[in-house]
Amino acid sequence: MLNNKKEFTFNYGGKEVTIETGRLAKQADGAVLVTSGNTQVLVTVVSAHEVKDGQDFFPLMVDYKEKFTAAGKFLGGFMKREGRPSNSEILLMRMIDRPLRPLFPEGYMAETIVMAQVISFDPEVDPEVLAGLGTCAALEISDIPFAGPLGFCKVGRINGEFVLNPHRGQWEESELELVLAASPEAIMMVEGEASEVSEEVMLEALQFGHNSIKEFCEVLTKMRTEVGKTKREWKTAAANEALMKKMEDYSSDARSVLNINDKQERSRAISALTKKVKEDIKSDHASFGLDSADEAGKDAYQGVDELLYKMMRNDIMKEDKRIAGRGMTEVREIETETSVLKAPHGSSLFTRGETQVLATATIGGKDGEQMKDSIYGVEFDNFYLHYTFAPYSVGEARGYRGVGRREVGHGNLAERALRKMMPTDFPYTVRVTCEVTESNGSSSMGSVCSGSMALMDAGIPLKKPVAGVAMGLIKEGDDFKILTDILGDEDHLGDMDFKVAGTTDGITAIQMDIKITGITNEIFQKAMTQAKEGRMHILGEMSKTISAPRPSFKDGVPTIETTNIKPDKIGALIGPGGKNIKAIQEKFDVSIEITEEGLVKVLGTDQEILKTVIALIDLQINGPKIDSVYNAKVVTIKEYGAFVDLVDGVSGLVHVSELADERVKDVNDYLSVGDSVDVKVVDVDRFGKIKLSAKAVKPVPKKNA
């Protein structure tokens, strides 16, 4: 049958949503068209039936694309075809990807591709939410093994009320912006920002979102019953019990590894242990329950990793003991510095254990704004953060190949944490860079801390210092332990990576990833409380170096002076073809920006020059003030006096009687074209003619007298 269309319609956050199957992309394993208002998102999912030889990880890829045709727009720039995804598209790909992974069977390694395309756009409906819903629906009705149902939503809080899936225009009014993914039983993923909301409000927001997702999951259950395919057979490889039993012989070696505090030294010890096991497998593979020694290295890695996994988790659950003996709530030693770099406008170095971030803050004008071209239109950001994670930060000998999706995600989280504390109506553009120079656990939260200090070091009036901390989870059955300030190994061997950033008064950013099927409200509440304690400790350590913004910018940092002109005078300031404003900028080495309302911003590094330019603009637009004194340039000499320029475009006459105390017969005996002379404004008549006097300031002496 060519068309086997079936629709499922439901209410989601006050908007009608329809999920359609059976008409589009029928050769995909799962395909749906999600429609709400005039926004439509086509989502497909395909998973290979064969696993590539040697595949040892799950190759899941989520691709989200906002088609400009969906909004009836052309792509800006020379290339008119959508190419590399934008940062916002990458961020959504990551948010969809993260909660999916734990719901595929353990050991599933068939290449799986999710594609979500915005093919029709309505500004009143968020296509990102529809992309998340469509992904869950496509997987649910496909034959791909997946432990759904799963749902997505966004949560805002406007005028004290929680709102499900606000449209783009409403976010300006919201004190928080959260993206949630959850199963009916538990929350799987959280990402968002907030205006210093309390832990209690954040928990309420999560519960509100989760309740809505539960209703959506009922729709998916109905879809699976009516149009779902039978899930394909998938057999997870049975655990090699003989291998793990044999690995117990290496328990003392593993204990020594876990007692090492230094990351690189511990990593080398793990490699040495893996090599030892590999050689033992080669010499007697049968005792490890293996058929051959062909993949001894892979089997050795798996065995050592599993041994360390069980041992570390047992230490935490049974003895409250972490790697190197650290306590459950203990934050590693912190060192902080500011003004570590000589030329940048602001800089800082934040070190927490073996995680270190070097941050800079750069201050500028409108030219530094970041332009974004999307289906929503062209936008400009005057605050943004760039995060860089080079291989040397973890001791890897490989080149840096450019910004990856992980860096975009980590940088966005740090930017969100700091953005809410940026001063309101700040006239400057600010760029923060965070270079991870060493990493062993939560470099994104280290970037929040370092970025906060760099902003204050630059003299930017940050409302309050911001810090962040990463929390971990070890869960066995109903028992669980929350870890503060997790290491990289604890992240790898644990069940959750939960990051919370904020000030002394509340949360400004939050992110959670889990590796199990969900966490309960009890776990969330304890993690939030413990994270607040950790954040307060870190803020206290930061305050020992810098606790408030410096009172002013450093020497050489561009500053802005402003003045207002009437909107109908903007053209006069710009001049024909921009001639006047360009001349001012070139002469004084400044940048001038003019808003539609007539606010003129002059950006430069010398305060005296800025004041001179402001005075010049005022003179050009509003004319000279009577009794004011100016240094003028002689441009024309007549028998009745001299015409002089007060500034370019503003001229007046010094009458022959206003040159000197004595009677002047020939102006040329006193002045020449190009001379400078101080003059006082005597009068400005109703026609705008300016009458000047030189002798009222200082009589002009006769030449060669």
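Give the long-range amide H neighbours of ASN440: residues separated by 5 or more places, or on another chain, with amide H under 5 Å away, using H modelled in the peptide plane at 1.01 Å from N.
The list, which skips near neighbours in sequence, is THR355, GLN356.
In whole Hz, what ³J(HN,Hα) sequence does region 469-480 give by Karplus (6.51, -1.76, 1.60; θ = phi - 60°), x for Gly and Pro?
Computed from phi, the couplings for region 469-480 are 9, 9, 10, x, 9, 10, 10, 10, x, 8, 8, 8 Hz.
Which shape class applies to region 64-199: rounded if a/c is under 1.5, otherwise prolate when a/b exceeds b/c and oblate if not, where a ≥ b ≥ c are the square roots of the Cα gyration tensor eigenvalues? Don't jump to the answer; show the numbers that get you there.
Values: a/c = 2.00, a/b = 1.06, b/c = 1.90.
Since a/c reaches 1.5 but b/c is at least a/b, the shape of region 64-199 is classed as oblate.
Near the amide H of SER374, under 5 Å away, which other amide H atoms are found, from residues 5 or more places off or on another chain, if H is placed in the peptide plane?
It is GLU379, by chain and number.
Counting Lys and Arg as +1 and Asp and Glu as -1, what is the net charge of the other residues whose Cβ lies under 11 Å from the Cβ of ARG431? Walk me through the numbers before you get to the answer.
Working: positive: none; negative: GLU369, ASP381, GLU415.
Neighbourhood net charge equals -3.
Could you tell me the relative contact order of region 1-113? Use alpha-carbon pairs under 8 Å, at least six residues apart, and round to a whole percent.
Numbers: 141 pairs, mean separation 26.3, N = 113.
Dividing the mean separation by the residue count of region 1-113 yields 23 percent.
Under the Kirkwood approximation applied to all pairs of distinct alpha-carbon atoms, what is the hydrodynamic radius of the chain in Å?
Result for the chain stands at 29.9 Å.
For LEU385, which sequence-distant residues (separation of 5 or more, or a different chain) have an amide H within less than 5 Å of its own amide H, given hydrogens modelled in the peptide plane?
Answer set, sorted by chain and number: VAL432.
Name the residue from VAL684, GLY641, VAL656 whose Cα lies farthest towards the positive end of the charge dipole of region 629-693, charges +1 on Cβ of Lys and Arg and -1 on Cβ of Asp and Glu.
Checking the options against the dipole of region 629-693, the answer is VAL684.
Towards the positive end of the charge dipole of the chain, with charges on Cβ (+1 Lys, Arg; -1 Asp, Glu), say which of ALA269, VAL32, THR429 has the farthest Cα.
THR429
Karplus couplings for region 448-453 from phi (6.51 cos²θ - 1.76 cosθ + 1.60, θ = phi - 60°), rounded to Hz, Gly and Pro as x?
Whole-Hz 3J(HN,Hα) from phi for region 448-453: 4, 5, 5, x, 4, 5.
Sorted from largest down, give the three principal axis spans of the alpha carbons of region 281-365, whole angstrom values.
Principal extents (Cα only, largest first): 68, 35, 22 Å.
From the helices alone, meaning DSSP H stretches of at least four residues, give me the mean residue ellipticity at 222 nm for the chain, per-run term -39500 (n - 2.57), in deg cm²/dmol to the nearest 500.
Details: 14 runs with 208 residues, N = 705.
For the chain, the value works out to -9500 deg cm²/dmol.
Of ALA531, SER547, THR520, which is farthest on the positive side of the dipole of region 512-557, counting Cα position, with +1 on Lys and Arg Cβ, -1 on Asp and Glu Cβ, and the Cα centre as origin?
SER547
Go through region 59-70 residue by residue and turn each phi into a ³J(HN,Hα) via Karplus (6.51, -1.76, 1.60, θ = phi - 60°); whole Hz please, and just put x for glycine and proline.
x, 8, 9, 10, 10, 10, 9, 9, 6, 5, 4, 4
What dipole magnitude, in Debye to the nearest 20, does region 474-513 give about its Cα centre under +1 on Lys/Arg Cβ and -1 on Asp/Glu Cβ?
On the way: 3 positive and 11 negative charges, 38 e Å.
It works out to roughly 180 debye.
What is the chain's relative contact order, in percent, from Cα pairs under 8 angstrom and six or more apart in sequence? Don't skip to the answer; put the middle values down first.
Working: 1457 pairs, mean separation 65.6, N = 705.
The normalised contact order for the chain reaches 9 percent.
Would you mind pulling out the separation of the Cα centroids of region 136-156 and region 440-519, in Å?
Using only Cα atoms to place each centre, the spacing works out to 27 Å.
Using the reciprocal of the averaged 1/r over all distinct C-alpha pairs, how large is the Kirkwood radius of region 629-693 in Å? Can you show the working numbers first?
On the way: mean 1/r = 0.0854 Å⁻¹.
Taking the inverse mean of 1/r over all distinct Cα pairs, region 629-693 comes out at 11.7 Å.
Would you please report the Å³ per residue occupied by the convex hull of the alpha carbon atoms in region 1-118?
166 Å³
For a distance above 16 Å, tell me the whole-number percent of Cα pairs in region 559-622 that qualify.
Values: 719 of 2016 pairs.
The calculated P(r) of region 559-622 puts 36 percent of pairs beyond 16 Å.
Could you please tell me the mean projected area of the C-alpha convex hull for region 334-543, averaged over all directions and given in square nanometres to one decimal? Could the numbers behind the result be given before it?
Numbers: hull surface 52.8 nm².
So the mean shadow area of the Cα hull is 13.2 nm².
Give, to the nearest whole percent, the P(r) tail of region 188-298 beyond 20 angstrom, counting all Cα pairs.
Counting pairs separated by more than 20 Å, the tail of P(r) holds 69 percent.
Rounded to a whole number of µm²/s, how large is the Stokes-Einstein D of region 241-325 at 25 °C and 0.890 mPa s, given Rh as the Kirkwood radius over C-alpha pairs?
Details: Rh = 13.2 Å.
Reported coefficient: 186 µm²/s.
Given Cβ point charges of +1 (Lys, Arg) and -1 (Asp, Glu) and nothing else, what value in debye, to the nearest 20, does the dipole of the chain about its Cα centre take?
On the way: 87 positive and 109 negative charges, 335 e Å.
I would put it at about 1600 debye.
Bear in mind these aren't lab numbers, they're just calculated from the coordinates by the rules spelled out. Given the structure is predicted, the values throughout are model-derived calculations rather than measurements. Glycine also receives a Cβ, built like all others from the backbone with ideal geometry; neighbour counts cover every protein chain displayed.
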